[in-house]
Amino acid sequence: MPTLPNLDHYWLPFTANRQFKSMPRLFKSAKGNYYTTIDDRVLLDGTSGLWCVAAGHGREEIASAVAHQLRTLDYAPAFQNSHPLAFEAAERVAGFLPKGLDRIFFTGSGSESAETALKIAIAYHRVTGNSLRNKLIGREKGYHGVNFGGLSVGGIAGNRKAFGNGLPGVDHISHTLDISKNAFTRGVPKDGGIELANQFEQRITTLHDPATIAALIVEPMQGSAGVVLPPAGYLKRLREICDKYGILLIFDEVITGFGRMGTRFAADYFGVTPDILTMAKGLTNGAVPMGAVAVKREIYDAFMENTPANAIELPHGYTYTAHPIGCAAAIATLDIFENEKLVERAGSLSANFEQAAHTLKGVPFVKDVRNIGLVAGIELESFPGKPGARAFATYLKCYEMGVLVRHTADIIAISPPLTIEKNEIDRIFSCIAEALTSLEKEGESGLDLTRYLKNEQLWAAHQHERQQQQTALAETA
Ligand SMILES: Cc1ncc(COP(=O)(O)O)c(C=O)c1O
């Protein structure tokens, strides 16, 4: 029986802690497209960790760049000082982005990138003499991390409801999911994009006054809400409306960046360049926490030109902005992308991936399959009265069968490393089919969590017992 760490003290994020601690799912190592758990289960990674390990796990190039950097310069003060790698990393990231987005602000995560982008947008209008433009527009089902700005423009009720009112001066436009019309569409839905985007114009002209809007922020493809695709023409139309009214368009590409769509960024895929683009995750292949915000040169220049000489142009930043090891990891990651042509690889695998994902049509409970690049969302019919339970049981079954999938509500999301092989793609989707077929046979009893991961439940019970004994001993001592 593997020795478990003491599970009491760590409060896990976005996790049912009590459930987890009764069935701890702990990884001890990872290499290539596979994880190994503490009891030596080998799991094919269908989720790139948390959408972040695009180049596969355990990359030597990143490990040695980070180790070297730690030994050479572990940290340099981020404010009023810097280090050469920060500039090199910014140049490399700028070179990877669509033309025009070439001024880079580094952060520590996707959430910090969202906050930074929103603050830059508001400050940009102020610095250019339009301080009345300070409202922010997000989108239903949007996810922009967990800080107050991102939460406020985000559109997932479950993430928002516990945390009060959020920022004032925020509104939302409609999401683009319509299963009644678009179920099992391959790639982006063909119709309705322009009409949906026009609702944005209608909303800001009817309710606000476009001259009060600083920015619209959207994920080009909504990831966390369950892989929601923009219909054809939608993003282009949003771009036109933003241009018409002088509103900044922000693309949150924390998930869609770094090859996920078979192009470098979703901006490339859709041929729409935002004014500000946020990224994280794939930037360092998930190996070091780091994010970045790219802005158009004109935006950066506006700050430089309209602030008194020697004054700080943007009073914003983090202790870990452009952290040396983050920069080393980002540069090594971009080298891997270049050397292994990972973006092209993802692009050429997309058709196989689509084909494999859509074999799930007709499998029990599957009411929609959505896909683009190397991402798929499989939406399930919820078990009556138990929302989310079916997807959670599917995740556990797949885990037992050696495939890691992600579940949110009753949606399974698949986003493997871009290093995935064709036979591994097939394995992911056939495993999901098998899990759902057996869930159908088992009925409600298939949702009973005590059936799954018996090992893990045993360890947890054992550990709990051990801890109780220790507490009793300590009390009698
Ligand atoms: C689109 C998007 N923005 C922001 C974030 C937040 O990133 P982080 O968890 O690194 O703060 C995420 C995370 O999944 C995301 O998908």
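Can GLY100 be described as within 23 Å of VAL272 (Cβ to Cβ), touching a helix residue (DSSP H, G or I) at 6+ places or on another chain (Cβ under 7 Å), in the same structural domain as MET290 (by TED's automatic domain parsing) and within 16 Å of the ligand (Cβ to nearest atom)?
The answer is no for GLY100.
Could you please tell me which pairs satisfy a Cβ distance under 6 Å, a separation of 6+ or placement on different chains, a first residue in the stretch 282-307 that is assigned to a helix (DSSP H, G or I), and a second residue that is within 11 Å of the ligand (Cβ to nearest atom) and at pLDDT below 95?
As it stands, the answer is none, since no pair meets every condition given.
Go through the stretch 243-258 and give me each residue that's farther than 13 Å from LEU136 by Cβ and either away from the ligand (no atom under 15 Å from the Cβ) or surrounded by fewer than 24 Cβ atoms within 10 Å (Cβ to Cβ) (or both).
Result: ASP243, LYS244, TYR245, GLY246.
Scan the stretch 123-169 for residues that are among the small types (Gly, Ala, Ser), closer than 25 Å to GLU313 by Cα, part of a helix (DSSP H, G or I) and more than 14 Å from the ligand (Cβ to nearest atom) and report the count. Before you say what the answer is, go through the steps one by one.
First, pick out the residues of the stretch 123-169 that are among the small types (Gly, Ala, Ser): 123, 129, 131, 138, 142, 145, 149-150, 152, 154-155, 157-158, 162, 164, 166, 169.
From the residues that got through so far, the ones that are closer than 25 Å to GLU313 by Cα too are 123, 129, 131, 149-150, 169.
Checking which are part of a helix (DSSP H, G or I) leaves us with 123, 149-150.
Still in the running and more than 14 Å from the ligand (Cβ to nearest atom): 123.
The number of residues fulfilling the criteria is 1.
All but one of (1) under 23 Å from GLU338 (Cβ atoms); (2) loosely packed, with under 15 Cβ neighbours inside 10 Å hold for GLY56, so report the exception by its number.
Of everything listed in (1) under 23 Å from GLU338 (Cβ atoms); (2) loosely packed, with under 15 Cβ neighbours inside 10 Å, GLY56 misses just condition (2).
Filter the stretch 86-114 down to the residues that are within 17 Å of TYR300 (Cβ to Cβ) and either in a loop (DSSP other than H, G, I, E, B) or polar (S, T, N, Q) (or both) and list them by number.
Result: LEU97, PRO98, LYS99, GLY100, THR107, SER113.
Just name the residue that is nearest to LEU118 (Cα to Cα) out of those in the stretch 216-242 that are more than 10 Å from the ligand (Cβ to nearest atom) and among the charged types (D, E, K, R).
Keep residues of the stretch 216-242 that are more than 10 Å from the ligand (Cβ to nearest atom), which gives 216, 226-242.
Still in the running and among the charged types (D, E, K, R): 236-237, 239-240.
Details: LYS236: 21, ARG237: 21, ARG239: 17, GLU240: 20 Å.
Ranking the candidates gives ARG239 first.
If GLU140 meets every condition in (1) buried (at least 22 other Cβ atoms within 10 Å of the Cβ); (2) without any contact (Cβ under 8 Å) to a residue 60 or more places away in the chain; (3) under 17 Å from the mean Cα position of the chain (by Cα); (4) farther than 24 Å from TYR320 by Cβ apart from one, which number is that one?
So the condition that GLU140 fails would be (1).
Give the stretch 337-381 a look and list any residue that's of a type in the set (A, V, I, L, M) and surrounded by fewer than 18 Cβ atoms within 10 Å (Cβ to Cβ), or say none.
ALA351
List the pairs whose first member sits in the stretch 154-165 and is assigned by TED's automatic domain parsing to the domain that holds GLN222, whose second member is among the basic types (Lys, Arg) and modelled with pLDDT of 95 or more, and whose Cβ atoms are under 6 Å apart, counting only residues at least 6 apart or on separate chains?
GLY155/ARG139; GLY155/LYS141
Looking at this structure, is ARG92 without any contact (Cβ under 8 Å) to a residue 24 or more places away in the chain and away from the ligand (no atom under 16 Å from the Cβ)?
The answer is no for ARG92.
If you scan the stretch 54-68, which residues turn out to be farther than 12 Å from LYS31 by Cα and either part of a loop (DSSP other than H, G, I, E, B) or among the basic types (Lys, Arg) (or both)? Even if it seems obvious, please write down each step before you answer.
Here is the first cut: in the stretch 54-68, the ones farther than 12 Å from LYS31 by Cα are 54, 61-68.
Within the stretch 54-68, ALA54 is the sole residue that qualifies.
Residues ILE255, ILE247: which one is under 21 Å from the mean Cα position of the chain (by Cα) and in contact (Cβ under 8 Å) with a residue 24 or more places away in the chain?
On the way: ILE247 fails: under 21 Å from the mean Cα position of the chain (by Cα).
Among ILE255, ILE247, only ILE255 is under 21 Å from the mean Cα position of the chain (by Cα) and in contact (Cβ under 8 Å) with a residue 24 or more places away in the chain.
Taking the stretch 271-299, which residues are in contact with a Phe, Trp or Tyr (Cβ under 9 Å, 6 or more places away or on another chain), within 16 Å of GLY100 (Cα to Cα) and away from the ligand (no atom under 11 Å from the Cβ)?
Of everything in the stretch 271-299, those that are in contact with a Phe, Trp or Tyr (Cβ under 9 Å, 6 or more places away or on another chain), within 16 Å of GLY100 (Cα to Cα) and away from the ligand (no atom under 11 Å from the Cβ) turn out to be VAL272, THR273, PRO274, ASP275, ILE276, LEU277, ALA292, VAL293, ALA294, VAL295, ILE299.
Failed condition for ARG71, given (1) touching a residue at least 12 places away in the same chain (Cβ under 8 Å); (2) assigned to a helix (DSSP H, G or I), with all others met?
With (1) touching a residue at least 12 places away in the same chain (Cβ under 8 Å); (2) assigned to a helix (DSSP H, G or I) applied to ARG71, the lone miss is (1).
From the list ASP209, ASP178, exactly one residue is among the acidic types (Asp, Glu) and either surrounded by 15 or more Cβ atoms within 10 Å (Cβ to Cβ) or within 16 Å of the ligand (Cβ to nearest atom) (or both). Which is it?
Selected residue: ASP178, the only one of ASP209, ASP178 that is among the acidic types (Asp, Glu) and either surrounded by 15 or more Cβ atoms within 10 Å (Cβ to Cβ) or within 16 Å of the ligand (Cβ to nearest atom) (or both).
Among the helices (runs of 4 or more DSSP H) confined wholly to the stretch 170-253, which include 2 or more residues that are in contact with a helix residue (DSSP H, G or I) (Cβ under 8 Å, 6 or more places away or on another chain)? Reasoning before the result, please.
On the way: elements: 179-182, 193-207, 234-245.
Of the helices (runs of 4 or more DSSP H) lying wholly inside the stretch 170-253, those with at least 2 residues that are in contact with a helix residue (DSSP H, G or I) (Cβ under 8 Å, 6 or more places away or on another chain) span 193-207, 234-245.
Return only the number of the condition from (1) assigned by TED's automatic domain parsing to the domain that holds ASP209; (2) within 20 Å of the chain's Cα centre (by Cα) that ASN134 does not satisfy.
Only one criterion in (1) assigned by TED's automatic domain parsing to the domain that holds ASP209; (2) within 20 Å of the chain's Cα centre (by Cα) is unmet by ASN134, namely (2).
Examine the stretch 387-398 for a residue that is more than 30 Å from LEU70 (Cβ to Cβ) and β-branched (Val, Ile, Thr), and state whether such a residue exists.
Yes, that holds for at least one residue.
The values are calculated or read from the model by the stated rules, or taken from the named source; none is laboratory data. The structure presented is a predicted model; accordingly, all values stated were derived computationally and were not measured. All Cβ positions, glycine included, derive from the backbone under ideal geometry; neighbour counts span all protein chains shown.
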